[in-house]
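Colleague: Quick one: the structure is below, and I'll ask about it shortly.
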Amino acid sequence: MQASVLPAAIYAGSFDPPHLGHLDLIERAAALVPRLVVAVAVNPDKPGAWTPARRIEVLAACCAHLSTVEIVAVAGALAPFARARGIHLLIRGLRGPADWDGEAPMAWINSQHGCETLFLAGRPEHALLSSRAVRAARAAGLPVDGLVPPAVAAALT
């Protein structure tokens, strides 16, 4: 791949827990930009199954092979956080049309606040994968090895 012409970017999500679709997008985004910040969303109204610190720890293990990836927590709106770091590009993944319906309005709002959004199409094998599905499979006692990176599978046991 040629040298990157895109600036640094942020890929944000809840990552509760991270799954193979998340990791695929992180790896693909990291190949496009010289620096990728993976922002773990912190929402006090939605505490989640894992604490933000646990999500960051496990994501760091999953991304250890990616030297240009930084993993941080972010609370509140993403655009001001990004601008404070000198970043004006957001990366979002789309699994299908339903994701577009939710992401397009946010992309427009973020553009009004100085951040453009680059959408990456999710791979077909991850189209039905979500953190909610991973949690449901785990709660049912099913193996999650084919749904999450090894570090996440280990953390879920």
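All of the numbers you see were taken from the coordinates with simple rules; none came from a lab. Keep in mind that this is a model prediction, so the values were computed, not measured. Heads up, the Cβs are rebuilt from the backbone with ideal geometry, glycines too, and the neighbour counts pull from every protein chain shown.
Colleague: Along the charge dipole of the chain, pointing to its positive end and built from +1/-1 on Cβ of Lys, Arg, Asp and Glu, which listed residue (Val33, Gly96, Ala84) has its Cα farthest out?
Modeller: The residue sitting farthest along the positive end of the dipole is Ala84.
Colleague: Which value, in debye to the nearest 20, gives the size of the charge dipole of the chain about its Cα centre, when Lys and Arg are +1 and Asp and Glu are -1 at the Cβ?
Modeller: The calculation lands at about 180 debye.
Colleague: Amide H to amide H under 5 Å from Leu118: which residues, 5+ apart in sequence or cross-chain, H placed 1.01 Å off N in plane?
Modeller: For Leu118, whose amide H was placed from the backbone, the distant partners under 5 Å are Leu90, Ile91, Arg92.
Colleague: Tell me what the chain gives for mean residue ellipticity at 222 nm when only DSSP H runs of n ≥ 4 count, each as -39,500 (n - 2.57), the sum divided by the residue total, rounded to 500 deg cm²/dmol.
Modeller: Computed mean residue ellipticity for the chain: -11000 deg cm²/dmol.
Colleague: Report, by chain and number, residues whose modeled amide H sits under 5 Å from the one on Val38, excluding near sequence neighbours (fewer than 5 apart, same chain).
Modeller: Tyr11, Glu70, Ile71, Val72
Colleague: Can you give the relative contact order of the chain as a percent, counting alpha carbon pairs under 8 Å and 6+ residues apart?
Modeller: This gives 29 percent for the chain.
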